[in-house]
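Taken together, the values in this text are just the output of simple stated rules run on the coordinates, not laboratory data. Please read all numbers here as calculations on a predicted model, not as lab measurements. Note that we place each Cβ from the backbone using ideal geometry, even for glycine, and neighbour counts take in every protein chain shown.
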Amino acid sequence: MIQLAKKAKLSLGNKPPRIRWSQTWKEVRRNKTIYAMLAPFFLIFFTFTVLPVCLSLLVSFTNFNMLEFPQWVGWRNYAQLFVRDDVFLIALKNTLIFAAITGPVSYIACFVLAWIINEFPPKLRAVATLVFYAPALSGSAFIVWTLLFSGDSYGYINAFLLKWHLILEPILWLKTPKYILPIIIIVQLWLSLGTSFLAFIAGLQSLDKNLFEAGAIDGIRNRWQELWFITLPSMRPMLMFGAVIQITASFGVAEVATALAGFPSVKYAGHTIVTHLMDYGSIRFEMGYASAIATVLFAMMLGSNLIVRRLLAKVGE
């Protein structure tokens, strides 16, 4: 499908709009079977993804409580977000800190581990992949971390510190604001080896071995040069896919924060944009204001995605 689009784009050139539309329609008719097969997916994607996003953007300029007809308020929701809503500013700061740490660290960790594991023998590689991917599948992950950071003397970390006389009394890890965000970051990093990790493994497995032989002839002498000039450029689609997954996970954190620190957390220390969205959308039902929060989050994700796309385009240069 991508090749067809490129072919159509090249064939159109700089021709007048009427001729371009005519040739585009001819391309569609020529490949009508392919477009007919894509139609159900496109319809579902448009109905449940594109349309809700557009409607959310429109609703963000209204006052809508799901009971009365929406009232147009213009930019008032956005002005309230950044001027009057102190909790949102805390959530924004927490989310940016969280994304700036967990996004790059987990992305790099996923690729480095995938690169190392790819060199293992097949059976050992399968076992290592399962071991590193297991935390993303585990439904009891939060229970383990809650036991570790329990605020009484039975918590594993408190018990260890008390045994070695490093503290005099148990620390309320998940009730003390200065500890909450670092703990959430640690847990999210532990859970981060998910879909992007598998995508990198698959990408490394599908590399053409002839490229490395050609690279050796052209003057590549070590593994780092192979990585930069052959491996990474050949894996751009997988790298972009992994980047999108990590951006979504880092900006969309909510489950980890609510499971460990509660909702709301003490002094909003674990509050994020998504938990703020949940507050206004699922509890208060102020859908106009919640849509404004969602629009800001969407803009942040889109901006990060564009930045990563530009950075990945320079790989191998």
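Given the Cα-Cα distance of R223 and A202 and 0.36 nm per residue of separation, how much length would full extension add, in nm? Display every interim value, and only then the final one.
Numbers: separation 21, 0.36 × 21 = 7.56 nm, distance 1.93 nm.
Difference between extended and current length: 5.6 nm.
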Non-local amide H neighbours of T62 (under 5 Å, H modeled in plane, Pro and chain starts lacking H): which ones? V73
Partners for K163 among aspartates and glutamates (Cα-Cα distance below 20 Å; same-chain residues under 8 apart left out): D152
Taking H as built 1.01 Å from N, whose amide H comes closer than 5 Å to the amide H of G270, not counting residues under 5 places away? S265
If one computes the Cα centroid of segment 130-184 and of segment 24-93, what distance in Å separates the two points? 39
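State, as an integer percentage, the relative contact order of segment 75-313 based on alpha-carbon contacts under 8 Å between residues 6 or more apart. Please list the in-between numbers first.
Details: 247 pairs, mean separation 66.3, N = 239.
Reported as a whole number, the value is 28 percent.
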In the chain, if every C-alpha pair distance is counted and binned at 10 Å from zero, what percent goes to each bin? 5, 18, 23, 24, 19, 8, 2, 1, 0
Taking just the alpha carbons, could you work out the radius of gyration and Dmax for segment 100-157, both in angstroms? 15.4, 45
Tell me which DSSP H helices of the chain clear both cut-offs, 24 Å or more of axial length from alpha-carbon atoms and a mean Kyte-Doolittle hydropathy of at least -1.0. 86-117, 287-313
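Highest mean first, what order results for 277-287, 251-261 on Cβ atoms within 10 Å?
Numbers: 277-287: 16.4, 251-261: 20.3.
Order by mean packing, descending: 251-261, 277-287.
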Please sort 41-53, 176-188 by packing, taking for each peptide the average over its residues of neighbouring beta carbons within 10 angstrom, highest first. 176-188, 41-53
